[in-house]
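The values are calculated or read from the model by the stated rules, or taken from the named source; none is laboratory data. Owing to the predicted nature of the structure, the values given are computational and were not obtained by experimental measurement. Reconstructed Cβ throughout: ideal geometry from the backbone, glycine too, with neighbour counts over all protein chains shown. Just so you know, the surface numbers come from the protein's heavy atoms only, side chains and all, with ligands and any DNA or RNA stripped out. Shrake-Rupley method; radii C 1.70, N 1.55, O 1.52, S 1.80 Å.
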Amino acid sequence: MLVALLPVAPDKLVLTASFDGNNEDNAEIELGEELDVLYDANLTRQSVTNPPWIDLLREAEQAILRGNYISAIPLLVSAIDGGLYRVIYLYYLVDGLEPDEADEHIREEFGDDDGNVYTDDLAKDALKRITGETVSDALGPYGEDWDAFTGQEGYQGFRHNVIHPGREPFSTVNQETVIEWFNVSVSLILGGFELLWELDSDV
C-alpha cells in the first residue's frame, strides 16, 4: 500500500492511499477495517516558493502514487528542463549578470533562432561551455542516466509520443519503470548542479 499526504490548504492535508490488488503478499482488507498509518510530515514556510521543477517532481510523485504512470512522464521531462535551466541561470547570476541579462544570454548562446532552449542545449552545450563537462557524456558519471532519458528506450521519446500522438498507440508503462525514471530525473538535475558546484569549489 502506498500512502501520501497532499497539502490542500495552509492548515489542511488530504490522506490518499493506493492499494496494490495484484500483490499476493498483501492481506485482504475488508470494508470497515481500521488501518494504522505511519507518516512523516514536514512543515515549510508559507512564504517560500518552490522552483517549478520541484513542483513538477511533486506532481509526478502524486501521479505515480495514484497509478497514473503515463501522466507522470511529461512532468519528469519538464522537471529536467526546468532544473537544468535553473542551475545554469543561477550560475550566471552569481557570475555577475542581472536576471534579464542571464536569461537573454542563455537564449542567445544556447537557444535556437527563436530563442527556444531545449534539454540537449543545456545538458550538452551550456554545461560544456561553463564547466568543460556535460551530463550527457556517455562515458561520464551520468552517461547511463542520460541514455535512460534520451536513448532508444528513453522516456524523452515516450513523452513525445504522449504529447504528440500519432495513429500508432504507444505502449503502457509500469510503476517500477516510472519510479526508475523519476530517480533518473533527479540524478540528472543534481548532476548539473554538481558540475557547477565543483567548478565553484575549484575557484
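Determine whether the range 25-46 contains at least one residue that is surrounded by fewer than 16 Cβ atoms within 10 Å (Cβ to Cβ), modelled with pLDDT of 75 or more, in contact with a Leu (Cβ under 9 Å, 6 or more places away or on another chain) and at negative phi.
No - not one qualifying residue is present in the range 25-46.
Give the range 99-118 a look and list any residue that's of a type in the set (A, V, I, L, M, F, W, C) and in contact with a Gly (Cβ under 7 Å, 6 or more places away or on another chain), or say none.
The answer is Val117, and nothing else.
Please identify the pairs in which a residue from the range 124-138 that is under 13 Å from Ile88 (Cβ atoms) has its Cβ atom under 7 Å from the Cβ atom of a residue that is charged (D, E, K, R) and not in a loop (DSSP other than H, G, I, E, B), counting only partners at least 6 apart or on another chain.
Thr134/Lys124; Thr134/Lys128
Name every residue in the range 54-83 that is touching a residue at least 60 places away in the same chain (Cβ under 8 Å) and within 10 Å of the chain's Cα centre (by Cα), in order of residue number.
Scanning the range 54-83 gives Leu57, Ala60, Glu61, Ala72, Ile73, Pro74, Leu76, Val77, Ala79, Ile80, Gly83.
Report yes if Ile130 is open to solvent by less than 30 Å² (accessible area, probe 1.4 Å), farther than 26 Å from Ile64 by Cβ and part of a helix (DSSP H, G or I), otherwise no.
Taking the combined requirement at face value, the residue satisfies it.
Can you go through Leu139, Leu76, Leu93 and tell me which one is in a loop (DSSP other than H, G, I, E, B) and either of a type in the set (Gly, Ala, Ser) or on the phi < 0 side of the Ramachandran plot (or both)?
Leu139
Which residue is modelled with the highest pLDDT, if the candidates are limited to the range 151-198 and must be open to solvent by 50 Å² or more (accessible area, probe 1.4 Å) and in contact with an Asp or Glu (Cβ under 9 Å, 6 or more places away or on another chain)?
Asn183
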